[in-house]
Structure formats: structure tokens, C-alpha cells
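Colleague: The structure is given below, and queries will be raised subsequently.
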Amino acid sequence: MSSTVPCKRPPSDDGGTGDAGGTGPAAAAPPDAPAAAAAATASRPTRPGKRPPPKSRKLRDAVNSDPPVFFFENGLRKVRPYQYVYQTYAKQRWLGMTIFQVFEKEFHDRPVEFYRRAIQSGHITVNGNKVALDYVVKNSDLIENGIHRHEPPVTDSPVTIVHRSDKVLILSKPSSIPVHPTGRYRHNTVLHILQYEHNIPALFPINRIDRLTSGLLLMALDKSTASSMMTEMRERQIHKTYLARVKGEFPADAVIECAEPIETVQFKVGVNIVSPTGKPCLTTFRRLSYNGLTSVVQCEPRTGRTHQIRVHLQFLGFPIANDPVYCCSAWGDGMGRGGLDPATRDSIVQRVTEVAFPSEEALLGDLAPGGEASAADPAQETQTNAAVDVAPLSDDPADDCAECRLSRRDPIPEQLTIWLHSWKYSGGSGWQYETPMPDWAQPDFDGDRQLVDRFWAHGGLWDGRAPGEFVE
């Protein structure tokens, strides 16, 4: 059973409705912003012989301003596929190349012949105009590519409001929902859900937590408050406390400190490791409970590096018990404990990336036509090229959408979370917020027993399956 709901729903029980003030580059634009931006840009004069100024971000977003259609199915929040225009300004290395050469050399998620026909049919445009294959790309050119966009599903658990005033909005985010648009996620994000379902169009995120992490999010409602809280964050006046459930028996009766530097070694998907060439980091840990299989640990990061808690716990030999990246057997027998040997580091990272972030070709399996599957597009987001042929393109990108011809397996609940929770935040100016402990952090929790046969036995894949697999 599935149910479709309008984007702007009635107020929820948590009271999360109403308008919020605040504008600026870090805030979500209100619905009428594209029209206002268009008028402002149109009024700017251009001297004869000079290229017009680049479009503002708000004006460029106008083409993608249609509201989403959310629906709920199998415990998941989903978004109806929709028309979307990827937009990018010409990069320095593209200048002097023809528009066809740019797509031939830079983008590989479709056959080369597909891009030829997309340019010829006007699906790919430059500055809003259809151009010839031999059009030479110039500085400030806006290149656009219209597609039929499919977003991954997320949990149907609500984003709840912990506290609200005229200056801040404190939220508790469920696992699986990104904070802001990223990768294949656009509408299935905290910012867009609040905008379309709670009529909160402008927010300034103060902290960000990983998609699979749950817990506190701090949002300012105006620039002044955002500036003040960001200053506290930069000057490390904000104290952060997380909860994690880790594999094994974490040491008791002592505070464990990890000050190992962390380096990002795979930027596209975000794999991080302890490395002497990394950035300085400091996290302290204290065990709260142990049930014979896993331990609940209180984590206090003093710095804010990407995946800092997850990487430091892995280095100590106690990875988060259900972490598909850092509790993955692709790291080797020690699973990253004590760091990686420089001689084998690159090969291990490559192996981890392939297992934890499988390519579209791997997800297609036997459904891939001739093994031709890869990922790239003008916004560096993933759309499958499965079953794409080079027939003439129609006026509607949905008619040429490869993903519409196949189905992806829905993720199971276990694939939508890791046991890491943003629990408490407090600031030097006297404010503090916290959420209740999640169920998995309770001392009597026994839901970790299934890890042995369903997760660890498969090297870090629930039931041996990767999220997002294609099915016939």
C-alpha cells in the first residue's frame, strides 16, 4: 500500500509549522524568490559587446522550482520522479572545447552518441539556447542538461522539533535523511521537508551530521543568530556529546582519548582514515554499558572533522557495530585497528570503496547491458545508464529515462541507520539542548544479536545485499 500526500501538509503534533524569517546564501530560498531574482537580473544593464552577467543562483533555481510530491510506502518516504535541469558554469579546462567534446570527455553515464543527440535535440543547452555540436564553450557559459530525476527513499520517521523560538529551531533528525541537498538527494532532505511540509522556507544550519546519523540539528532563523552560533562553533565554545554502540567490549572505568589526525582519501564518496598527513583531531570516549556483544559509548568530539567519531572508534578497534563503511571486512583482518600500512593503504581504500559504495554497474548485476554502467553528470550526481540506447530523443526527458525501465529494491530498515546519535549540545553563552536516548543506546537493548548472522557474517552488508540494487 502507498499513499500520496500534498507537499504542504497540515501541522504535525510537534508544532512544526509557521513562517521563519531570514534570508541569505546559507538559507533556503522562499518560494517567490526566483521571480524576484529574475526581475532583478533582468534590470541589470549590459554594455554593448560585453557578455551578460551570470545568472544568480535564485534565478537558475527557478527552472527547478516545482514543488515535490512526497508519498509513503513500506515505511519509507519517497519522491515522485520529476523533471530536473542540471546546471553548471563552464569550467576553465573546458574553454576552447566544443560542447560535444566537453560531454564526450567529461561525462560518461550515457553513451557518447546519446550526448550527440541530446545536444542536437536541445536537451543540452548553453545559456538557455540550443547550440550546434561544434559550439565552442566560452567563459561564463551556463550549460544545462534536462533529465528525469529519481531520488533514493528515506525513512518515513518524522523530523521532530525539540525547541523553537524566534531565533533558533532545534531539531531531532532520524537516520537516513541528509541535512541539505547532496548527491542524489534533493527533496528528501531536512531543509526541503521543512520548507514544503512545515512552511519554513529559510534556515541557517549551524551543525551538520551524516545522513545515517540521527539526533540534534541546530538551525538559526536569522543571520545575526547564525553568526553568533557559528562564532561559538569556530572558537570551540560548543560542547558536543554523541552516543554510539560499538563492536566488542570497550574499556571501562576510564576516559579514552584519541588524538589521531584524520585525512579524506576518497573525496567522491567520503572515505576517511587516520593518517599522519591528516588534520588534527581530538575525541574522548567513555563506556556507558556492555551487554556481552556490543558497548554503548559516550563520545565527545573536540574538533569537527568528517566522520571523526566513526574513524577514531575504528582506529581504537571498536567500530560502530552496524557501520557499513568502517565496520566492513574489506579493511582486512584488523578492520582498520591501529591504522593502515602505507604500502597497502591505497588498495585497501579502493576495496572498501567498491564494497561500501558499489557502482551502478555492480548494482545492476546481470541486468547491465554489456557491462556499460558508470556514474557522472554535470552536477556530479548518479543516474544509471542502464538500458539506454541511442534512438532519437523525445521532447520529454522521461521518455528517455533509463531508470524508469527498471526497479530498485527498497532498502530495509537496517540499511537506513548506524548506531551513532547526536545527543547533547551546549554553548558557552549558556544554552543547551538534548534529545532522549535512542532505543539502541539502552543498557537492556538486545537488537544487536542479529548482527552476528545478518551483518558481520556478510562483511558489513545486511543479508549480503547492497542498498539500491536493481531488480527485474
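Colleague: Out of the range 103-119, which residues are more than 26 Å from the chain's Cα centre (by Cα) and at pLDDT 75 or above?
Modeller: The initial filter retains those residues of the range 103-119 that are more than 26 Å from the chain's Cα centre (by Cα), namely 104-105, 111-119.
Scanning the range 103-119 gives 104, 105, 112, 113, 114, 115, 116, 117, 118, 119.
Colleague: Follow-up question, since we're still on this one. Can you list the strands (runs of 3 or more DSSP E) found entirely within the range 154-248 that contain at least 2 residues being touching a strand residue (DSSP E or B) at 6+ places or on another chain (Cβ under 6 Å) and assigned by TED's automatic domain parsing to the domain that holds residue 288?
Modeller: The strands (runs of 3 or more DSSP E) meeting that bar are 239-247.
Colleague: Further question: Among 162, 154, which is over 21 Å from residue 68 (Cα atoms), in contact (Cβ under 8 Å) with a residue 24 or more places away in the chain and of a type in the set (Val, Ile, Thr)?
Modeller: 162
Colleague: Does the range 221-228 include one or more residues that are of a type in the set (Lys, Arg) and under 30 Å from residue 357 (Cα atoms)?
Modeller: No, the range 221-228 has no match at all.
Colleague: Let me ask something additional. Just checking, how many residues over the range 438-467 are buried (at least 19 other Cβ atoms within 10 Å of the Cβ) and part of a loop (DSSP other than H, G, I, E, B)?
Modeller: 5
Colleague: Quick check on the range 125-145: of everything there that is within 26 Å of the chain's Cα centre (by Cα) and buried (at least 20 other Cβ atoms within 10 Å of the Cβ), which residue is farthest from residue 406 (Cα to Cα)?
Modeller: 143
Colleague: Can I ask one more? State whether the residues of the range 320-337 include one that is of a type in the set (Gly, Ala, Ser), in contact with a Cys (Cβ under 8 Å, 6 or more places away or on another chain), closer than 19 Å to residue 420 by Cα and assigned to a loop (DSSP other than H, G, I, E, B).
Modeller: Going residue by residue through the range 320-337, those that are of a type in the set (Gly, Ala, Ser) are 321, 329-330, 332, 334, 336.
Subset that is in contact with a Cys (Cβ under 8 Å, 6 or more places away or on another chain): 321.
Cutting the leftovers down to closer than 19 Å to residue 420 by Cα gives us 321.
Filter once more, keeping what is assigned to a loop (DSSP other than H, G, I, E, B): 321.
Yes, the conditions are met somewhere in the range 320-337.
Colleague: Continuing with the same structure: Counting only residues that are among the basic types (Lys, Arg) and without any contact (Cβ under 8 Å) to a residue 40 or more places away in the chain, which one in the range 266-320 is surrounded by the most Cβ atoms within 10 Å (Cβ to Cβ)?
Modeller: 287
Colleague: Next up: Have a look at 178, 205, 201 and point out the one that is over 19 Å from residue 426 (Cα atoms) and surrounded by fewer than 22 Cβ atoms within 10 Å (Cβ to Cβ). Working first, answer last.
Modeller: Numbers: 178 fails: surrounded by fewer than 22 Cβ atoms within 10 Å (Cβ to Cβ); 205 fails: over 19 Å from residue 426 (Cα atoms).
Of 178, 205, 201, the one residue that is over 19 Å from residue 426 (Cα atoms) and surrounded by fewer than 22 Cβ atoms within 10 Å (Cβ to Cβ) is 201.
Colleague: When you look at residue 299, is it in a strand (DSSP E or B) and farther than 24 Å from residue 354 by Cα, yes or no?
Modeller: yes
The values are calculated or read from the model by the stated rules, or taken from the named source; none is laboratory data. Fair warning: this is a prediction, and the values are worked out from it, not measured in the lab. Reconstructed Cβ throughout: ideal geometry from the backbone, glycine too, with neighbour counts over all protein chains shown.
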